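Okay, structure first, notes after.
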Amino acid sequence: MSTKSSRIPEFYKLSVEERLSIVRKYADLTDEEVETLRSGRLSYDIADRMIENVVGLMAMPFAIATNFLINGRDYLIPMVIEEPSVVAAASNGARMARVKGGFHASSTEPIMIGQIQVVRPPNPYKARLELLQRKDEILDLANSRDPVLVGLGGGAKDLRVKVLETFRGSMVIVELLVDCRDAAGMNAVNTMAEAVAPLVERIAGGRVRLRIVSNLASYRLARAWAIFDKDILGGEDAIEGILDAYAFAVADPYRCATHNKGIMNGVIAVALATGNDHRAIEAGAHAYAAMDGRYKPLTTWDKTPDGDLIGTIELPLAVGVVGGATRSHPTARIALKILGVKTARELAEVMASVGLAQNLAALRALATEGIQRGHMKLHARNIAIAAGATGDLIDEVARRMVEEGVIRIDRAKEILSELTGMGRETG
Ligand code: NAD
């Protein structure tokens, strides 16, 4: 267990260099890693091998959320995101959770689903039984394609077969359940699904079409709960407000989409920092939220017998600490080092906790003073930059807009031109 504390009061008031020096000490970063963070360095060489048709790079801010205590261990959380307020809100939510012991997180085994679609089987229900009967043969063939994963205790573990009635007729769908260990596992699963397809086709008859992982990783769940002290939250009315906000999300998909988006603000920022596939995570989370036919919040909120607030979160998280870009992107490797997570499950548990902290902070702000005051204050600097401000002028233009209570691009340009006489040419 770490003896280092992630509770760093007024971290946000420090300069970037001061913060970096704290993180460097905390995570024992090398000079080279510090330089990589500072410069956001990604060589053309690596970039050109990550995706196709590369012509350049695009940098994003890399920040640290503080205060996270998860399963009794302190974590500094790397977050990459373009939206202001998210990192502040996560740190704030985590600070409030610490008082009553922080987050209690858990996860299931890292099982992903690979689907093999058989169209026009002559006898779908018979095919289903025959496929199930030859399960071991199919699993062995799948596992022969990834001895590394199997050697680590993972691999294809089980098989499900279902018959779907579609508008194109009956289909047999074979589902490989693959333990992906510390990889997100999408490539691993796809490779296995393609490998077993000819055998599946021979057994089932008909024709195999798709062989692809499902992003609804409903067997690969991360969970967390935390208790938030009534007084820290701002008293009974704040709790009532949060519960009213939660009830609104449960009852209305329009609100619920935004409720879940707020959760994903945190989850995706950590996914980006660690080089994980955020589209896969988004797809999985929202599909899971709608799994029983109605789109629901990924969190629950309730009052404890003592009058405190208790929150829970449960969502599928197909994330890895190996594979994909997690090890090939130099900054992602540093993010994993700062987190200090050893397994994909631990990373998923951290991400679920971040999602819960994010949701609490958003609900509390929404249910009390509203989010715009705090958010626009932080967003003012972005608007100043968009208006053409540079250097110290960014803070000065932002400060004046916040003081006036008018945080808009037209006003930013006016202030900038008052300050420099140049604002109008920039927009
Ligand atoms: P990968 O193929 O790069 O790495 C996984 C492999 O690493 C495993 O198959 C295993 O052989 C090896 N490995 C070594 N140590 C391991 C360990 N401790 N635990 C597990 N495996 C270990 O990556 P991946 O995780 O299979 O796939 C992720 C990538 O797939 C992402 O980049 C994603 O964008 C992409 N992808 C996603 C989808 C989708 O979401 N629908 C589809 C295709 C590809």
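Here are the numbers for the structure shown:
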| item | result |
| --- | --- |
| The stretch 264-377: relative contact order as a whole-number percent, Cα under 8 Å and 6+ apart | 30 |
| Hull volume in cubic angstrom per residue (convex hull over the Cα atoms of the stretch 326-396) | 132 |
| For the stretch 41-149, fraction of C-alpha pairs farther apart than 19 Å, in % | 72 |
| Relative contact order (percent, whole number), the chain, Cα cutoff 8 Å, 6+ residue spacing | 18 |
| Among GLU346, GLU17, GLU240, residue whose mean-square fluctuation peaks in a GNM of the chain (springs only between Cα atoms under 10 Å) | GLU17 |
| Over the stretch 373-426, equivalent-ellipsoid semi-axes from the Cα gyration tensor in Å | 17, 10, 9 |
| Cα radius of gyration and Dmax for the stretch 199-286 (Å) | 19.9, 65 |
| Electrostatic dipole magnitude of the stretch 111-213 [Cβ: Lys, Arg +1; Asp, Glu -1; Cα centre; debye, to 20] | 460 |
| For VAL322, net neighbour charge (Lys/Arg +1, Asp/Glu -1) across residues whose Cβ lies under 15 Å away | +1 |
| Among VAL208, VAL86, VAL16, residue whose mean-square fluctuation peaks in a GNM of the chain (springs only between Cα atoms under 10 Å) | VAL16 |
| The stretch 30-83: GluC sites (Glu not before Pro) falling in loop per DSSP and having at most 13 other Cβ within 10 Å | GLU52, GLU82 |
| Gain upon complete extension [VAL406, GLU137; 0.36 nm per residue less C-alpha separation] | 90.0 nm |
| Length gained when the stretch ALA88-LYS261 is fully extended (0.36 nm per residue, less Cα-Cα span) | 60.6 nm |
| Among THR390, LEU233, LEU216 the positive-end extreme of the charge dipole of the chain (Cβ point charges) | LEU216 |
| Charge dipole magnitude, Cβ of K and R +1, D and E -1 - the chain, Cα centre, debye nearest 20 | 1080 |
| MRE, 222 nm, helices only [DSSP H, n ≥ 4, -39500 (n - 2.57), over the chain, to nearest 500] | -15500 deg cm²/dmol |
| Dipole magnitude (debye, nearest 20) for the stretch 185-318, charges at Cβ of Lys, Arg, Asp, Glu | 1080 |
| Rounded if a/c under 1.5, otherwise prolate or oblate - the chain, Cα gyration tensor axes | prolate |
| Relative packing of peptides 134-141, 87-94, 309-316 - highest average C-beta neighbours within 10 Å first | 87-94, 309-316, 134-141 |
| Local electrostatic count, ARG168, Cβ distance below 15 Å [Lys/Arg +1, Asp/Glu -1] | +2 |
| Extended-chain gain in nm, criterion 0.36 nm per residue less alpha-carbon gap, LYS162 and ARG294 | 45.3 nm |
| Relative contact order, percent, the stretch 373-426 [alpha-carbon distance under 8 Å, six or more residues apart] | 36 |
| Charge dipole (the chain, unit charges on Cβ, about Cα centre) - positive-most of ILE51, MET264, MET401 | ILE51 |
| Of THR304, THR274, THR326, the one that fluctuates the most in a GNM where the chain has Cα springs shorter than 10 Å | THR304 |
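Coordinate-derived values only; no laboratory data. As the structure is a computational prediction, the values presented were derived from the model and not from experiment. Please note: Cβ atoms are built from the backbone with ideal geometry, for glycine as well, and neighbour counts cover all protein chains shown.
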